[in-house]
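The values are calculated or read from the model by the stated rules, or taken from the named source; none is laboratory data. Here the structure is a predicted model, which means the values were calculated and not measured. Cβ: placed from backbone, ideal geometry, glycine included. Neighbour counts: every protein chain shown.
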Amino acid sequence: MSEIEIKNLTKRFQVKGHTVTALEHINLNIEKGEIFGIIGMSGAGKSTLVRSINYLEKPTEGQVLIDGVDLSDLSTKELRKKRSEIGMIFQGFHLLEQKNVLDNVCFPLRISGVGRKEAKDKARALLKTVNLEEKEKAYPSQLSGGQKQRVAIARALATEPKILLCDEATSALDPQTTESILALLKQINENLGITIVIITHQMSVVTDICQKVAIIDNGNLVEQGSVKEIFAHPTSDAAKELIFGTRPSPLSVREVSGNKTVRVVFGGGSSYEPVIANAILRFQVPINILHADTRNVGGKAVGEMVLGLPEGEKIQEDITAFLRERGLTVTEVDEHVN
Amino acid sequence: MLTEQVIEMLTQGVKDTLYMTLVSAVIGYVLGLPLGILLNVTGKKGLRPNRVIYGIVGTFCNIIRSIPFLILLILLIPVTRAIVGQSYGSTATIVPLVVCAAPYIARVVESSLQDVDAGVIEAAKAMGASNLQIIFRVLLVEARTSLVTGFTITTGLLLGYSAMSGTVGGGGLGDIAVRYGYYRWQTDIMIVTVVLLIVVFQIIQYLGTKVSGRLDHRKR
Ligand SMILES: Nc1ncnc2c1ncn2[C@@H]1O[C@H](COP(=O)(O)OP(=O)(O)O)[C@@H](O)[C@H]1O
Ligand SMILES: [Mg+2]
């Protein structure tokens, strides 16, 4: 049994007499202890999906099961109890502006009936975990974005949840702060075994810390699997767009050269053999390197290159076959990208 | 002109004015605050939207608020007499002041609560907070600066209305201004009462601003 099971979930909104379908027939299983990414463009339905996991949004059709319990079977009171076992953080932090850091972290404990003293002790321990113990008397307006998100994380962990939902938690932060927040989430996942669901529109967030990923496009789940797999072989248009869209467009270069462009992904073994150099020597034609990058995908270094191949269908096919024989993943960069 | 007698009268006038204003503000909030919360909660974007309740309470507030105060004062004379036993004097004036203030306060409170960030409410829901907990521990706490500002504005309004009630024997500074300034042509006494009204108004405004500033942690 998966920790989170989403079965055939559909969500429609009635807006001024007409219907907006935000999600359609979503099926998704998230296992205990995973860091699961849900990625998609703006308006794809990511927030609606993550809000369905704690029933802030009730599905129009389908079910959400947490540890095998269907949330629609719960009474209002039971649902509130369940929600307190699922932490949530947001892009906009959503801290109580009129309460200091310590009282913010105490808040979920106080509303679940924990005494003042006990709540404070626990909150202080959590602030230590997120490295903010010296800020307990500060108010949210006195903190930076990264610090606010740390407070929000401490607050979300106060009730010792088994699941942490993150809705664009790093989208308002600069790259360095994003990195430190992601590192903190990873540390929490490892130390506490909490299942983390990360919603984002940035591929780099997914490749940085997620093991599994689901791609949402226009309310549909178009692709899911291990991050490694999908990063190497994106099949859906949405996945390609998200992966290719994270770096400058090779298209402008292609327009100049008029040649075919392919994306090559390689991990581990092959990097010892100078594959591209060998291809040039073997076919005696120039190969343009339009883009090259190394990323950390699921803890492994993965190389990514975009190559401009010379004109001529035959030679293009030969080079592609040559690269594939050497264990590289080769995909054509589609016209529509960027 | 400022004989001992006049000073005594003015002092009593200030006391009566403060009495009418503050007591009607407090009773007004006892009635208006729950109504305001009800409006906010049952409103379109509230915790529990309910068009029927919102419609009834909202319309009721609008009707009373659209009646000019002086007319309300006269219309309510039988009610005032039934409650207080007489229809003139400071205590009697509190009745129409409260009736006038409560729906006004309800709208002011509704709008203060509406300004609370929807994201914060959502976060509280996600933590498992009940609607009552959200009202008392999130909405009223996060909106407190704006609520105090609303209280200050309402009190200033009531101060003005209490003076207006002087024209029909309501007591307080307004009453003195009308009796001496209008009926006896003692302009000097009228001017002194007006100055006193201004001073009282300024003090209320000053204290209100001070308190709401003290309570606000949103800015450094
Ligand atoms: N409360 C709502 N009422 C009406 N439409 C909504 C509501 N919430 C979301 N939607 C619509 O559902 C779609 C998905 O929204 P959302 O889940 O917020 O997307 P994302 O988080 O991926 O940007 C959008 O078209 C949005 O306009
Ligand atoms: Mg969103």
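Taking the stated definitions as given, is A:Val20 aliphatic (A, V, I, L, M) and out of contact with any Phe, Trp or Tyr (no Cβ under 9 Å at 6 or more places or on another chain)?
Values: aliphatic (A, V, I, L, M): yes; out of contact with any Phe, Trp or Tyr (no Cβ under 9 Å at 6 or more places or on another chain): no.
Criteria not met by A:Val20.
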### Query
Restricting attention to the range A:133-155, does a residue exist that is modelled with pLDDT of 95 or more, facing chain B (nearest Cβ under 10 Å) and closer than 23 Å to A:Gly33 by Cβ?
yes
### Message
Condition first: more than 14 Å from chain B (Cβ to nearest Cβ), in contact with an Asp or Glu (Cβ under 8 Å, 6 or more places away or on another chain) and within 16 Å of ligand 1 (Cβ to nearest atom). Now tell me which residues in the range A:39-85 satisfy that.
### Response
A:Gly40, A:Met41, A:Ala44, A:Lys46, A:Val64
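Could you tell me which residue of the range A:160-178 is nearest to ligand 1 (Cβ to nearest atom), considering only residues that are part of a helix (DSSP H, G or I) and surrounded by fewer than 17 Cβ atoms within 10 Å (Cβ to Cβ)?
At the first step, the residues of the range A:160-178 found to be part of a helix (DSSP H, G or I) are A:175-178.
With the extra rule that they be surrounded by fewer than 17 Cβ atoms within 10 Å (Cβ to Cβ), the set shrinks to A:175-176.
On the way: A:Pro175: 21, A:Gln176: 25 Å.
Applying the filter and picking the extreme gives A:Pro175.
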### Query
Taking interchain pairs and intrachain pairs at least six residues apart, which have beta carbon atoms under 6 angstrom, with the first residue in the range B:150-165 and over 16 Å from B:Ser112 (Cβ atoms) and the second assigned to a helix (DSSP H, G or I) and among the small types (Gly, Ala, Ser)?
B:Leu158/B:Ser24; B:Leu158/B:Ala25; B:Leu158/B:Ala101; B:Ser162/B:Gly172; B:Ala163/B:Gly174
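How many residues does the range A:4-42 contain that are farther than 15 Å from A:Ile198 by Cβ, in contact (Cβ under 8 Å) with a residue 40 or more places away in the chain and touching a strand residue (DSSP E or B) at 6+ places or on another chain (Cβ under 9 Å)? Give the steps one after another, and end with the answer.
Step one: list which residues in the range A:4-42 are farther than 15 Å from A:Ile198 by Cβ, which gives A:5-27, A:29, A:32, A:41-42.
Now narrow it down to the ones that are in contact (Cβ under 8 Å) with a residue 40 or more places away in the chain: A:5-12, A:21-27, A:32, A:41-42.
From what is left, the residues that are touching a strand residue (DSSP E or B) at 6+ places or on another chain (Cβ under 9 Å) are A:5-12, A:21-27, A:32, A:41.
Counting residues in the range A:4-42 that are farther than 15 Å from A:Ile198 by Cβ, in contact (Cβ under 8 Å) with a residue 40 or more places away in the chain and touching a strand residue (DSSP E or B) at 6+ places or on another chain (Cβ under 9 Å) gives 17.
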#### Entry: Of the criteria (1) assigned to a loop (DSSP other than H, G, I, E, B); (2) modelled with pLDDT of 95 or more, which one A:Phe36 fails
(1)
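At least 3 residues that are under 30 Å from A:Cys166 (Cα atoms) in each: list the helices (runs of 4 or more DSSP H) lying fully within the range B:73-139 that qualify. Let's see the steps before the verdict.
Numbers: elements: B:77-84, B:90-114, B:118-126.
Counting at least 3 such residues, we get B:90-114, B:118-126.
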### Verdict on A:Leu185 being buried (at least 17 other Cβ atoms within 10 Å of the Cβ) and either within 14 Å of chain B (Cβ to nearest Cβ) or within 16 Å of ligand 2 (Cβ to nearest atom) (or both)
no
### Query
Which residues, taken from the range A:86-117, are under 19 Å from A:Ile199 (Cα atoms), outside any strand (DSSP E or B) and more than 7 Å from chain B (Cβ to nearest Cβ)?
A:Gln91, A:Phe93
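Given A:Glu78, A:Glu57, A:Glu85, A:Glu61, which one is within 26 Å of A:Val151 (Cβ to Cβ), away from ligand 2 (no atom under 16 Å from the Cβ), in the same structural domain as A:Ser112 (by TED's automatic domain parsing) and of a type in the set (Asp, Glu)?
On the way: A:Glu78 fails: within 26 Å of A:Val151 (Cβ to Cβ); A:Glu57 fails: away from ligand 2 (no atom under 16 Å from the Cβ); A:Glu61 fails: within 26 Å of A:Val151 (Cβ to Cβ).
On inspection, the qualifying residue turns out to be A:Glu85.
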